[in-house]
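Note sheet for the following structure.
Nothing in this text is a laboratory measurement; each read-out follows from the coordinates by a stated rule. Just so it is clear, the structure is predicted and the values come from calculations on it, not from any experiment. With ideal geometry, Cβ positions are generated from the backbone for all residues, glycine too; neighbour counts draw on all protein chains shown.
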Amino acid sequence: MGMGIPAADIWDYTFGEVLLHIRSHRQQYRRELQECAVLAYHQSYMNGLVFSGSGKPLPPVYEAFPFWTEEETVAMEREKYRNIMMQYAARGGGIHAAAGG
């Protein structure tokens, strides 16, 4: 949580300003708790997937926990597919390799 009003400066604020500060501080705290609730909800969902034995793969972290920007998710997707292609190339994959040359 953020900083409060410094005790030495409290007399420089009007009652309305102090109330506004308290309300905005509570609003910020409420948003932080909402983010924690989203985190807990998605964590319980993923735990359920793991322990249910359904064989369903876990979603990517950026889908399960929505705290990444679009640019970050695109970069993660690009890295994922780059790694897949590197593994495929390392195994000598491709149509020509399967056909014998």
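Using helices alone, what [θ] at 222 nm do you get for the chain, with -39,500 (n - 2.57) per DSSP H run of 4 or more residues, divided over all residues and rounded to the nearest 500? Please list the in-between numbers first.
Details: 4 runs with 68 residues, N = 101.
Calculated mean residue ellipticity at 222 nm is -22500 deg cm²/dmol.
Evaluate the Kirkwood expression for the hydrodynamic radius of the chain, namely the inverse of the mean inverse distance over all pairs of different C-alpha atoms, and round to one decimal in Å. Can you show the working numbers first?
Numbers: mean 1/r = 0.0531 Å⁻¹.
Kirkwood radius, the chain: 18.8 Å.
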Angle in degrees between helix 15-52 and the longest Cα principal axis of the chain, rounded to the nearest 10 = 30
For labels at L33 and L19 in the simple 7 Å Cα→Cβ model, what's the distance in nm?
-> 2.2
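Size of the dipole of region 1-56 about the Cα centre, Lys and Arg at +1 and Asp and Glu at -1 on the beta carbon, nothing else charged, in debye to 20?
Numbers: 5 positive and 5 negative charges, 81 e Å.
The dipole of region 1-56 has a size of about 400 debye.
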Given region 1-56, what whole percent of its Cα pairs are spread farther than 15 Å?
-> 65
Of all chymotrypsin sites (Phe, Trp or Tyr not before Pro) in region 4-68, which ones are in loop regions per DSSP and have a Cβ with at most 16 other Cβ atoms within 10 Å?
-> Y13, F67, W68
